[in-house]
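Take a look at the structure set out below.
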Amino acid sequence: MNDNYKPIVITCGDPAGVGPEVAVLAWKALRDKIPLCIIIDPSFVPKNINIKTLDHPPRTSEIKRDCLTVIRHKFAEHRVPGEPNPKNAEATIKAIEHGVQFVKNGECSAICTMPISKAILKNGANFPFPGHTEYLAHLDGRDTYGMMLINKYLRVVPATIHIPVKDITKYLNADLIEKTIKTTHRELTSRFSISNPSIWISGLNPHAGEDGTIGDEEQKFIIPVIEELCAEGYNLIGPISADTMFYGKKRRKFDAAICMYHDQALIPIKTLDFHTSVNLTIGLSFIRTSPDHGTAFDIAGKNLANPTSTIEAIKLAWNLSKKEQKDQ
């Protein structure tokens, strides 16, 4: 493979989850097309897989299709599928940190992260972040970032991410909505080469507040932000009732939809196509994708995990990184 394109680095996520196995399955599916390396304890890789163990990512031309390139990473305890161990929390966090370093120093072109358990990381290492997204932004020194979910039907971005529903209005305000719109617009124009992208914005309340009769957040800070940014030239429509903005004819009219909270955005995209949906972190200086599912401890090690989302996440990371390297 061409050394002009750096490999994608995969972090194994919580070793007790499905991350290691879907990563290996994805490597099997993509090894002829995309150079990959995975940060993992070599002992966690199935015995029937040939591996080449290194301390740093190799050059792309050094990666062989019949051999999985493993970046050696030590965990405190052995992997037991389905039995998460808080003693492995610190190493799980460090794997993410190392993966980001490899991308930022130019050894890898993008990072694809396997799922983590926030509860295990908090219990085992006092992990202070709500999730992967916030930790990656911290590592990148960014305070403006977001989560874009992508499949062949939709691109959706929740303005608030991993917070309880009861706390949404504590975090949701004009400044956050404006940053989310601008970050989404920038990502669509730069990474996806969409000129003047059409972005639709949902309301917070049922029927988008229905002129203030079912909540007044739309009048207070959602509509004013949309009107201000439209005056600046942004191509925006909203606020739109979230229960009507995703049916067939409407969803074909926008390049991305911004929703006010997590489930408002993720339910439609996962309902349309659960297995091919991919998470792209927007607002970072580097490319990060992940499968749009969790650790699935209940099926780990049972050969039941579907690698499709991981395959699609790696393909997206690769395509975006190739474009970025061509543009440089």
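Provide the per residue accessible area, probe 1.4 Å, for the chain, rounded to a whole number of square angstrom.
Spelled out: the 1.4 Å probe surface of the chain, per residue, equals 44 Å².
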Lys, Arg +1 and Asp, Glu -1 on Cβ, resulting dipole of segment 184-228 about Cα centre, debye, nearest 20: 380 debye
Largest to smallest accessible area among Tyr171, Tyr135 [probe 1.4 Å]: Tyr171, Tyr135
For segment 233-244, 3J(HN,Hα) per residue [Karplus equation, 6.51 cos²θ - 1.76 cosθ + 1.60, θ = phi - 60°, Hz, x = Gly/Pro]: x, 6, 9, 10, 9, x, x, 10, 4, 5, 7, 10
Size of electric dipole in segment 113-182: Cβ of Lys, Arg +1 and of Asp, Glu -1, about Cα centre, debye, nearest 20: 220 debye
At q = 0.10, 0.18 Å⁻¹, base-10 log of I(q)/I(0) for segment 189-276 (Debye sum, equal scatterers on each alpha carbon): -0.27, -0.84
Cα-only Debye scattering, the chain: base-10 log of I(q)/I(0) at q = 0.08, 0.12 Å⁻¹: -0.38, -0.82
The chain, relative contact order [Cα under 8 Å, separation at least 6], %: 23 percent
Computed accessible area, Trp318, all protein chains, 1.4 angstrom probe, square angstrom: 30 Å²
Ratio of the Cα radius of gyration of segment 137-227 to 2.2 N^0.38 Å, where N counts its residues: 1.16
Solvent exposure, largest accessible area first (probe 1.4 Å, DNA, RNA and ligands not counted), of Leu272, Leu36: Leu272, Leu36
Among the listed pairs Lys170/Lys270; Lys52/Lys152; Lys94/Lys122; Lys33/Lys270; Lys182/Lys253, those beyond 24 Å (Cα-Cα): Lys170/Lys270; Lys52/Lys152; Lys33/Lys270
Inter-site label distance for Asn306 and Asp55 at 7 Å from Cα along Cβ, in nm: 4.2 nm
Electrostatic dipole magnitude of segment 75-232 [Cβ: Lys, Arg +1; Asp, Glu -1; Cα centre; debye, to 20]: 700 debye
Distance between segment 200-255 and segment 142-173 - C-alpha centres, whole angstrom: 15 Å
Percent of Cα pairs exceeding the 21 Å cut-off, where the set is segment 37-177: 55 percent
Carbon plus sulfur fraction of accessible area for segment 1-152, probe 1.4 Å, in percent: 47 percent
Overall form of segment 171-328 per C-alpha gyration tensor (a/c, 1.5; a/b vs b/c): oblate
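Can you give the FRET efficiency to the nearest 0.05 for Asp32 and Asn196, using r as the Cβ-Cβ distance and R₀ = 41 Å?
Calculated transfer efficiency: 0.65.
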Dipole of the chain, positive direction: furthest Cα of His262, Ala242, Asn4, with charges on the beta-carbon: Asn4
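The values are calculated or read from the model by the stated rules, or taken from the named source; none is laboratory data. Because the structure is a prediction, the values reported are computed rather than measured. Ideal geometry is used to build each Cβ from the backbone, glycine not excepted, and the neighbour counts take in all protein chains shown. Keep in mind that these areas ignore ligands, DNA and RNA; they rest on the heavy atoms of the full protein, side chains included. Shrake-Rupley method; radii C 1.70, N 1.55, O 1.52, S 1.80 Å.
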